[in-house]
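The values are calculated or read from the model by the stated rules, or taken from the named source; none is laboratory data. As the structure is a prediction and not an experimental result, all values here were calculated from the model. Note: ideal-geometry Cβ built from the backbone for every residue, glycine included; neighbour counts use all protein chains shown.
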Amino acid sequence: MRQFSGFILYCCLLIVGCQQQQRVEAPLGQSSFAAYQQQTRDYVAAHRAFQTLDKPAELRLNTPQEWRPAQRARKGILLIHGLGDGPGSFVDIAPELARKGFLVRTVLLDGHGTRPADLIGVSVDQWRQVVNEQAAILAKEVDSLWLGGFSTGGNLALEYAMAHDNVQGLLLFSPAFRPGTRYAFLAPTLALFRDWLRPPGTLFPQQIATRYLRVPTNGFAQFWRTSASAQSLLAQKPFNKPTLVVLTEHDSVLDTRWILAQFDRAFTHPASRIIWYGTPPSDSVTTSRLRVKTDILPQERISQFSHMSVLFSPDNPLYGRKGSVMLCGNGQSEEAARRCLKGEEVWYSDWGLVTPGKIHARLTWNPWFAWQNSVMNDVITAAP
């Protein structure tokens, strides 16, 4: 009887697997960035659930892009977005790097850019493949190869850099080396039985023009796999090339204090820097390599920084101070979310902060963005 039950379970899992394989995968295997960019744009255009009438703008935010410097590029950097996000995560950082002489390119991780359900059935190996292919292509066009990433993308960037000696440096924004919840390891098992951890809400769509607002369980499973891989790599050996790590104390996604504590041992190059938005840590990091700014700015109604806020300029037309995107779904009551949507005065924070008498939307920009760029410049000029 036990063997029969096991067989039934196996068949159920096999059926689930077969259902997931019906998803149309993003095209890979191109020999140039131009071919990859065009084929990916065509794929997204054919499969995306567009959220606005401005389809060209949505495609720019959700497909691979390139920024070229004014002069011949000696350095190149591949930027990798996080779970639920897209290449548009780097619309402010990429031009800054191009001004510093980098040839900058972004990639689209499979399952993104179209609709959240396309993350069901995706494997982290597909994400690794696009990073491997495009990093190798970029390396042939420049003298010095860098990688950068946000959240999950930071893990993928670290993986590639640890396996390829030609990588000369890393830029890691809220790298997801360790999730903030101790139960993240359960995601791969849950993904076998539940496509979604929670049912869809009535107030908010599953996605907006810039990103997904809802991610299936399998997306979290792949996120956890990249985190586990990053932790394993960092435990084995340090990365001794210039690296910038940017963290926020009140990140609701990550255990940023654990990541902070690993910095000195994991990133040993003297030019490496870690930016910490929050209360100055006591003794976690060598002071000469630590840069700190407060994440509490009452004059701007900012209660704390968020996981994503490190990426965007205050002048960003979508996510900036006067941007058109307001993320009211921020882990508060439905009443607070409705008041936010109606345009009542809000404060800004990461997901989940509840304060009596205040409505909190997600902080989506970085008031210290220009200063952060100056620290980034110190790091990128340290390598040949």
Seminar exercise, completed: Here the qualifying pairs (Cβ atoms under 8 Å; residues six or more apart or on different chains; first in the range 286-297 and under 24 Å from Met308 (Cβ atoms); second basic (Lys, Arg) and surrounded by 15 or more Cβ atoms within 10 Å (Cβ to Cβ)) come out as Leu290/Arg273; Arg291/Arg273
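Could you please let me know if Ala94 is modelled with pLDDT under 95, surrounded by 15 or more Cβ atoms within 10 Å (Cβ to Cβ) and hydrophobic (A, V, I, L, M, F, W, C)? Give the steps one after another, and end with the answer.
Values: modelled with pLDDT under 95: no; surrounded by 15 or more Cβ atoms within 10 Å (Cβ to Cβ): yes; hydrophobic (A, V, I, L, M, F, W, C): yes.
For Ala94, the condition - modelled with pLDDT under 95, surrounded by 15 or more Cβ atoms within 10 Å (Cβ to Cβ) and hydrophobic (A, V, I, L, M, F, W, C) - is not met.
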Seminar exercise, completed: Residue pairs qualifying under the 8 Å Cβ cut-off, at least six apart or on distinct chains, with the first in the range 89-101 being within 12 Å of Ala70 (Cα to Cα) and the second being of a type in the set (Phe, Trp, Tyr), are Pro95/Trp67; Leu97/Trp67; Ala98/Trp67
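So that you can scan it fast, the table gives a plain yes or no per residue for (1) more than 15 Å from Val246 (Cα to Cα); (2) of a type in the set (Val, Ile, Thr); (3) modelled with pLDDT under 95:
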site	(1), (2), (3)
Arg291	no, no, no
Asp295	no, no, no
Phe312	no, no, no
Leu327	yes, no, no
Ser333	yes, no, yes
Val346	yes, yes, no
Asn366	no, no, no
For this session: Give Arg72, Arg68 a once-over and let me know the one that is farther than 23 Å from Val215 by Cα, out of contact with any Cys (no Cβ under 7 Å at 6 or more places or on another chain), surrounded by fewer than 24 Cβ atoms within 10 Å (Cβ to Cβ) and without any contact (Cβ under 8 Å) to a residue 24 or more places away in the chain.
Result: Arg72
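Results for (1) more than 16 Å from the chain's Cα centre (by Cα); (2) within 23 Å of Tyr348 (Cβ to Cβ); (3) modelled with pLDDT under 95, shown as yes or no for each residue.
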position: Arg194; (1), (2), (3): yes, no, yes
position: Gly219; (1), (2), (3): no, no, no
position: Ser232; (1), (2), (3): yes, no, no
position: Asn240; (1), (2), (3): yes, no, no
position: Glu249; (1), (2), (3): yes, yes, no
Exercise. Out of the range 28-48, which residues are within 21 Å of the chain's Cα centre (by Cα) and either free of Cβ contacts under 8 Å to residues at least 12 places away in the same chain or within 24 Å of Ala117 (Cβ to Cβ) (or both)?
Worked result: Leu28, Tyr36, Thr40, Arg41, Val44, Arg48
Seminar exercise, completed: Output for Cβ contacts, cut-off 6 Å, separation at least six or different chains, first residue surrounded by fewer than 21 Cβ atoms within 10 Å (Cβ to Cβ) in the range 202-219, second of a type in the set (Val, Ile, Thr) and modelled with pLDDT of 95 or more, reads Ala209/Thr52
Problem set entry | Members of the range 162-179 that are hydroxyl-bearing (Ser, Thr, Tyr) and in a strand (DSSP E or B) | none
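So, of the residues in the range 84-116 that are among the basic types (Lys, Arg) and part of a loop (DSSP other than H, G, I, E, B), which turns out to be nearest to Ala26 (Cα to Cα)?
Across the range 84-116, the extreme among qualifying residues is Arg115.
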Exercise. Does the range 316-335 hold any residues that are more than 18 Å from Ile208 (Cα to Cα) and either surrounded by 16 or more Cβ atoms within 10 Å (Cβ to Cβ) or free of Cβ contacts under 8 Å to residues at least 60 places away in the same chain (or both), and which are they?
Worked result: Arg321, Gln332, Ser333, Glu335
Exercise. Taking Ile120, is it among the hydrophobic types (A, V, I, L, M, F, W, C), touching a Pro at 6+ places or on another chain (Cβ under 7 Å) and over 13 Å from Leu138 (Cβ atoms)?
Worked result: yes
Seminar exercise, completed: Going through the range 225-252 in order, the residues found to be of a type in the set (A, V, I, L, M, F, W, C), buried (at least 23 other Cβ atoms within 10 Å of the Cβ) and touching a strand residue (DSSP E or B) at 6+ places or on another chain (Cβ under 8 Å) are Leu244, Val245, Val246, Leu247
For this session: Of the numbered conditions (1) under 19 Å from the mean Cα position of the chain (by Cα); (2) over 19 Å from Val253 (Cα atoms), Thr202 fails exactly one; give the number of that condition.
Result: (1)
For this session: Please indicate, with yes or no, whether at least one residue in the range 273-281 is at pLDDT 95 or above, out of contact with any Cys (no Cβ under 7 Å at 6 or more places or on another chain), part of a helix (DSSP H, G or I) and buried (at least 18 other Cβ atoms within 10 Å of the Cβ).
Result: no
Problem set entry | Residue that is nearest to the chain's Cα centre (by Cα) [pool: residues in the range 325-371 that are in a helix (DSSP H, G or I) and under 20 Å from Pro298 (Cα atoms)] | Phe369
Seminar exercise, completed: Inside the range 336-384, the number of residues satisfying the requirement of being β-branched (Val, Ile, Thr), out of contact with any Phe, Trp or Tyr (no Cβ under 9 Å at 6 or more places or on another chain) and either without any contact (Cβ under 8 Å) to a residue 40 or more places away in the chain or within 30 Å of Arg74 (Cα to Cα) (or both) is 4
Exercise. Pairs under 6 Å by beta carbon, first residue more than 18 Å from Arg48 (Cβ to Cβ) in the range 104-131, partner of a type in the set (Lys, Arg), six or more apart or different chains?
Worked result: Val124/Arg225
